[in-house]
Structure formats: structure tokens, C-alpha cells
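So the structure is just underneath, and the comments pick up after that.
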Amino acid sequence: MLEVFGLLAKPTFMSLLPLFDLSLIARATRPALEFVGGDGRRSAFTFGDLENRSNRLAHLLRARGTKAGDRVAFFLQNRVEVIDLWLAGAKLGLIIVPINVLYRERELTHILRDAEPTAVVTSCDLAPLIPTDVVVWDVDALVAEAAAQPATRNAVPADADTPMALIYTSGTTGASKGAVLTQGNFATNALTLVTAWDITAADRYLATLPLFHVHGLANGLHCWLFSGCHMRLLERFEHAKAAEWFEDYRPTVFFGVPAMFIRLLELSPVVARQIGARLRLAVSGSAPLPAEVHEKFRQLYGSVILERYGMTETLMNIGNPYAGERRPGTVGLPLAHVAVRICDEANAAVPDGTTGEVWVKGPNVCSGYWRRPEATAAAWSEGWFRTGDIGVRAVDGYITLQGRRSDLIISGGFNIYPREIEELILEQPGVREATVVGVADPVRGEVPVAYVVVDAATFDEAATVARLRTQLASFKQPRAFVRVAAIPRTALGKVQKHLLKSTPLAP
Ligand code: MLC
Ligand code: AMP
């Protein structure tokens, strides 16, 4: 424990590899990982296997000309090669760019132009989606070629400030920005979580979250590697198979988004009790967990969900305590390394009980947005990161989130900025005005719905839907196109989205 705090006190020297080595080297012979592919095929690895695989890949990446500071993107479903690439990247000082597999032409083009990676590592089924002017490295060919490389370690020095990843997160401008996350950001985050949640080598972690977002990557993957527990990694979460996986693997630890916990409420009480008896830690985050789901899960599983709050730019900020009260509807108390302030419009801290914007500061906060000094300057104020989330702190310190400053929609834990969809809809023939709002959905929390003012003679809804499908991720596709005579606006011309949100949709 003291060692942990010693490391936190000197963040400059804190890099990822010595923490990974607690498992890669020190637990080399221990079973580390079982991967279950979409076809049900299983493969198992020790920590030593992962050390050797990533060393081989690092030799190959170096032979292909990559050097510290170069970006290498991955556009892959969960699979062991994502872990190989992440570890090889940490060893070589590469900046890894994870890309959501659901992204389509518009999102991919933007990210790849902005990050300018040396190459994108992808699979043959996804490769056709990558713009043709970008270098693509086929993941299977890469691994086959790496197998012939030496298993010796090939690492460059790194410290807390060494950039590790560029993770794209949507912006209010409609185009996403890359948060530059350092080795120190990731190390601080996972050290804190492993300590706060008491994760040890005896745990069994069921990993169903995508590795291309920070919940699965910075929390899941790193808690596993730092603690040396066992992980079963699945290609993706499929609710129809959840009962089978939980019964078969018997995890002690599970991290999920609220949509997953809502799906888990569908399991039979007998099965749920058996699962709950072994599950000592179920963490929810990335979107608000309704207090009612918290309570239903407790009744059904006998396990109390621990809700925590984070962001791509900051990793984890606030969480309910493991040992103390996990209060439904709240995100709990600031994590050990994070300072939290609730501020008013004039940037002054407000007293407890008063609503304001949540600001955070700490070694977990990213170093800024990639090649966007103006966006970086706008998001930070006097060293504090302005999260854009609105919250209130109770007198006993528990923080409740109440909404967001922007019109961000979160669907199944995936973020959607309406502006990006609106811009694309406005480019379609016959559309005069368009606005996209999030409407309540029982599983995904919110789903996007488009309100449009169209020229009936030229607007073709089917063609618009088809075009959006090729351009944007499936979770951003509007559930409906509602034709209206006018979009409600204020006297200053600002769209009044709240008026549309409360308009019931025709069934
Ligand atoms: C989801 N889908 C996928 C997929 N994940 N398709 C292919 N590969 C994947 N990995 C698509 C499905 O095709 C479907 O598309 C839709 O998503 C929902 O699928 P479903 O089977 O009906 O699933 P559902 O029960 O609704 O659950 C969805 C979900 C998904 C929970 C599996 O939303 C998900 O993986 N969410 C995790 C998001 C996440 O990791 N967020 C963390 C961000 S970091 P269609 O066309 O039917 O819509 C962050 C910071 C923090 O926010 O605090 O953590
Ligand atoms: P992302 O940009 O994908 O990292 O999403 C970050 C956003 O997810 C935050 O700014 C919050 O709005 C939201 N979020 C994360 N965790 C929670 C939570 N526990 N409750 C409510 N919102 C959350």
C-alpha cells in the first residue's frame, strides 16, 4: 500500500511497463487470459505468453519503421491482438489510437486524417471500411509475421509524460477530438482502482466491454494487468449469452455500462442468485445508472452495484466506496488522486447542496487535445478540467450528476453529439432544417431521434437513412425522422431541444 502511495507522490517517474511487469514478468507462468471469439473458439495464455507475443510484435513494428511518438491505430473487435498491440506500444513508446468498430466512413475519415497514423491494424472484414489512402496492416498477417521474431524485450525508456494513446471523443463542434493520454494518466488511474476496489490476483474478471474505449481499456485491461488476476475476454457483450458466460466463468469482478446491467435483470432469479453469490464487485459507469436498476439488481443478485464516474479525457474521477455505502443515484466520492470542484457560471466554487459544473484536477487528466490548442484552452481553466457535467455535492461528500452542459446523448454507453448527425442530415436533398435529440429508451438510456423540416417533393427518407448508415456508427442512426413544420427556436434563434424531447413520438 505504502509503495502505491509512494508511486503516486512521484508521478513523473511513473510509467506503465514496471506496473505491467508485476504480472508479465513476476507472474509469467500464471494463467492470465482466456479469449472467447465470436465463433465460440477459446484460446488461453499465461502472462509470460503475453510478454513474448508483445515482444515479437514490438520487433516487427520496429522493423516496419515505427518509432517512439508514431501513431498506430487499431480498428478491431476485442481479441488478444489488441492486447499484444497495446503492450508493444507501451514498450516502443508508440501512441496507440483505438477506433470504435462501429464507426463508418465519416468518423473514420476524420480520425485518420487527424491522427495521421503510420498504419491501421484491422481485420479483413473491417479493412474495406478504411479510406484507401491509409496504410492498413492486416492483423492476422501481422501476428503470423511476428511469430518469426525474437521473444526478447525491446523497450524504450518512458515516464509519466510519455503519450500512450490518442482516444477520440466527440466534441460540440461535430468533429471528434483526440485526447492525448499519457502513461502516467493510465498508471494513476489503474493503481487507484486496484487499491480502491481491492482487486487481487485471486479475482476473475469477465471482460465484455470494448477495448477501444477507456472503460474496457484503462479500467478493465489495466486492473487485470496490475493485479495479475485472471481475465476472460469476449469479443463483445451479447445479452442472449450473458447467463451462460457468467455461469460458466463464475467471475468475481464485472465492469459494465448500465445497458448491460439492465439486460442482466432479464436472467432468472435462481441463476442470478448463483451468479451474485460469487460476484464481489460489479461496477457500472459511462452513463447514468437509474436508481431503480441499482435496487432491482441488488434484489435479484444480492450484489450492490458500485457506480463510478469518468471520462475519456480524465479516466476515472469519482466513485462510490467499495467498503462503505454505495449510494444509488450518486457517483460517490472523489477518487484518491482527484480534486473535485463544483463551479458556477462565473467559475467560482459553489457551496455543498448547490448545483454547478464539475471540475477536476489530478494526474489522471489528459495532457490536452491532439493538435487543438484552442479546444484545449477552452476545456481547462486555471489548471482544472471542465467536464461539462452538471452535479451537486451533498454535505457528506457524495456527488450526484444531474445532467450535462452540452446536448450530448449517451446510448448504451456510447457518446453521440447531435451536431455530427445534424450536419450530415442537412447535406441530404430536400432537408431544410434538422435537429437531433435524445429520447428515453428503456435499455440504452437514450436513443437519437431526428426532427426535420423537409421539402416533401425532394426529400427521400429511405435514401437518407441508407446514406447515414454508410457514414455513421449504427448507434448514431436516428430511430425516427419526425417531420415538423418548424423547429422550435428562441427569439435568438437557438433550437429549443427540450420542447422536442417532451413531444411523444407516434408509435
Ligand atoms: C454494439 N454493437 C456492436 C458492438 N457493440 N456491433 C458489433 N460489435 C460490437 N462490439 C451494436 C449492435 O450491432 C447493435 O446495433 C447495437 O450495438 C446494440 O446491440 P445489442 O446486441 O442490442 O446490445 P444491447 O443489449 O443494446 O447492448 C449494447 C451494448 C453496447 C451495451 C453491448 O452499447 C456497448 O458495448 N456499450 C459499451 C460502450 C462503452 O464501452 N462505453 C464506454 C465509453 S468510455 P444496432 O444497429 O441494432 O443499433 C466512457 C468513460 C467512462 O464513457 O466513464 O467509462
Ligand atoms: P466519454 O466521452 O465517452 O468518455 O463519456 C464521458 C461522459 O460519460 C461523462 O462526461 C459523463 O457525461 C458520462 N458518464 C460517465 N460515467 C457516468 C455516470 N456514472 N453517470 C452519469 N454519467 C456518466
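The values are calculated or read from the model by the stated rules, or taken from the named source; none is laboratory data. Predicted model only: the values in this text are computed from it and were never measured. Quick reminder, even Gly has a Cβ in these numbers, built from the backbone with ideal geometry, and neighbours come from all protein chains shown. Keep in mind that these areas ignore ligands, DNA and RNA; they rest on the heavy atoms of the full protein, side chains included. Shrake-Rupley method; radii C 1.70, N 1.55, O 1.52, S 1.80 Å.
Just to be sure before I move on: is G216 within 12 Å of ligand 2 (Cβ to nearest atom) and in contact with a Leu (Cβ under 9 Å, 6 or more places away or on another chain) in the structure I sent? Answer is yes for this residue. Can you confirm whether R113 is over 21 Å from A466 (Cβ atoms), outside any loop (DSSP other than H, G, I, E, B), open to solvent by 20 Å² or more (accessible area, probe 1.4 Å) and out of contact with any strand residue (DSSP E or B) (no Cβ under 8 Å at 6 or more places or on another chain)? Answer is yes for this residue. Put simply, of T355, T387 the only residue that is crowded, with 16+ Cβ neighbours inside 10 Å and β-branched (V, I, T) is T387.
Of the residues making up region 392-407, those that are crowded, with 20+ Cβ neighbours inside 10 Å and hydrophobic (A, V, I, L, M, F, W, C) number 1. Just one of the listed residues (D198, D161, D125, D133) is of a type in the set (D, E, K, R) and in contact with a Ser or Thr (Cβ under 9 Å, 6 or more places away or on another chain), and it is D161.
For the residues Y301, Y309, the requirement of being crowded, with 20+ Cβ neighbours inside 10 Å and out of contact with any helix residue (DSSP H, G or I) (no Cβ under 9 Å at 6 or more places or on another chain) singles out Y309.
Pairing residues of region 42-66 that are more than 18 Å from T118 (Cβ to Cβ) and touching a residue at least 12 places away in the same chain (Cβ under 8 Å) with residues that are open to solvent by less than 30 Å² (accessible area, probe 1.4 Å) and basic (K, R), at Cβ distances under 9 Å and at least 6 apart in sequence or on separate chains, gives N55/K91. Here the condition is being among the acidic types (D, E) and crowded, with 19+ Cβ neighbours inside 10 Å; of E461, E446, E423, it holds for E446 alone. Checking K494, K501, K476 one by one, the residue that is among the charged types (D, E, K, R) and open to solvent by less than 30 Å² (accessible area, probe 1.4 Å) is K476 and no other.
Restricting attention to region 399-420, the residues being more than 19 Å from the chain's Cα centre (by Cα), near ligand 2 (Cβ under 10 Å from one of its atoms) and not in a strand (DSSP E or B) number 1.
The condition of being assigned to a helix (DSSP H, G or I) and surrounded by 16 or more Cβ atoms within 10 Å (Cβ to Cβ) holds for only one of A287, A277, A243, A282, that being A243.
Among the residues examined, R444 does not qualify as away from ligand 2 (no atom under 16 Å from the Cβ) and modelled with pLDDT of 95 or more.
Annotation note: of A349, A291, the sole residue that is within 15 Å of ligand 2 (Cβ to nearest atom) and among the aliphatic types (A, V, I, L, M) is A291.
Per-residue answers, yes or no, for (1) open to solvent by 20 Å² or more (accessible area, probe 1.4 Å); (2) at pLDDT below 95:
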{"position": "E3", "(1), (2)": "yes, yes"}
{"position": "L16", "(1), (2)": "no, no"}
{"position": "T29", "(1), (2)": "yes, no"}
{"position": "A44", "(1), (2)": "yes, no"}
{"position": "G48", "(1), (2)": "no, no"}
{"position": "N52", "(1), (2)": "yes, no"}
{"position": "G65", "(1), (2)": "yes, no"}
{"position": "F75", "(1), (2)": "no, no"}
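For the criterion of being open to solvent by 20 Å² or more (accessible area, probe 1.4 Å), within 16 Å of ligand 1 (Cβ to nearest atom) and of a type outside the set (D, E), L267 passes.
Can you name the residue in region 361-383 that is touching a residue at least 60 places away in the same chain (Cβ under 8 Å) and over 21 Å from S176 (Cα atoms) and, of all such residues, is surrounded by the most Cβ atoms within 10 Å (Cβ to Cβ)? By that ranking, first place goes to G362.
Under the condition of being without any contact (Cβ under 8 Å) to a residue 24 or more places away in the chain and either in contact with a helix residue (DSSP H, G or I) (Cβ under 9 Å, 6 or more places away or on another chain) or within 16 Å of ligand 1 (Cβ to nearest atom) (or both), the residues counted in region 239-258 number 3. Starting from residues that are open to solvent by 50 Å² or more (accessible area, probe 1.4 Å) and among the basic types (K, R), keep the ones in region 312-347 and report whichever is nearest to R393 (Cα to Cα). Only one residue tops the list, namely R341. Could you please let me know if I416 is within 15 Å of ligand 1 (Cβ to nearest atom), in contact (Cβ under 8 Å) with a residue 60 or more places away in the chain and under 30 Å from E325 (Cα atoms)? Against the criterion (within 15 Å of ligand 1 (Cβ to nearest atom), in contact (Cβ under 8 Å) with a residue 60 or more places away in the chain and under 30 Å from E325 (Cα atoms)), I416 does not qualify.
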